[in-house]
Amino acid sequence: MAEQQQRRNKKSNRNREKESDWQERVVQIRRVTKVVKGGKKLSFRAVVVVGNERGQVGVGVGKAGDVIGAVRKGVADGKKHLVSVPITKSNSIPHPTNGIGGGAKVMMRPAAPGTGVIAGGAVRTVLELSGVRNVLAKQLGSDNPLNNARAAIDALASLRTFSTVAEERGIPVEQLYG
């Protein structure tokens, strides 16, 4: 009986450790209304960025009647839409990239060690939670936080490393440098 209890505790501790790896940051909370027969129905929309600072990040949107419920739904949605980010030894991205989300465009360039995350708003949050430490980013077009976060995710999802490119082409990595 005691052994079963210990096994259950170990499993729940493991689950808690896995959960604690993930960080979540609320980018935006908005009051939104829907016009119904009886008047206006008020609810909250939360845009949340979820990441483990080790190369995985996602953006989620949640809507509920209260803020806490909206944030909880946003976190769940963010974990469903994770992307993997290849990070170099200098904690940067492997190559320059662009991303588009709605009317927002984001440009990203790798930076030298010690530069830090030079970006603004939602893009900065996405980069920090993905684990990228040295990068230059610029938002162009729309200033909507949700679209900028999605554009940043799009840019990070399009990143490729030398090894993945060599594998796709079916050649050794050394031949790429040739």
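General remarks:
- Basic side chains Lys and Arg get +1 at the Cβ, acidic Asp and Glu get -1 at the Cβ, and with that the dipole of segment 63-171 about its Cα centre reaches some 60 debye.
- Simple rule: put +1 on each Lys or Arg Cβ and -1 on each Asp or Glu Cβ in the chain, find the dipole, and look at Ser158, Gly101, Phe44; the Cα lying farthest toward the positive end is Phe44.
- Per-residue ellipticity at 222 nm from helix content only, as computed over the chain with -39500 (n - 2.57) for each DSSP H run of at least four residues, stands at -12000 deg cm²/dmol.
- Whole-percent carbon and sulfur share, accessible surface of segment 22-110, 1.4 Å: 52
- Mean accessible surface per residue for segment 86-145, computed with a 1.4 Å probe while every protein chain stays in place, in Å²: 48
- Here the label points at Ile68 and Met107, each 7 Å from Cα along the C-beta direction, are separated by 4.5 nm in the simple model.
- In units of the rule-of-thumb radius 2.2 N^0.38 Å, the chain shows an alpha carbon radius of gyration of 1.26.
- Relative contact order (percent, whole number), the chain, Cα cutoff 8 Å, 6+ residue spacing: 18
- Placing a pseudo-label 7 Å from each Cα along the Cα-to-Cβ vector at Asp21 and Phe162 gives an inter-label distance of 2.7 nm.
- Fully extended contour minus Cα-Cα distance, from Lys40 to Lys138, at 0.36 nm per residue: 31.5 nm
- Rolling a 1.4 Å probe across the protein heavy atoms gives segment 20-80 an accessible surface of 60 Å² per residue.
The values are calculated or read from the model by the stated rules, or taken from the named source; none is laboratory data. Computed from a predicted model, the values in this text were never measured in an experiment. Neighbour counts run over all protein chains shown; Cβ positions are idealised from the backbone, glycine included. Side chains are part of the model used for accessible areas, which takes the heavy atoms of the whole protein and leaves out ligands, DNA and RNA. Shrake-Rupley method; radii C 1.70, N 1.55, O 1.52, S 1.80 Å.
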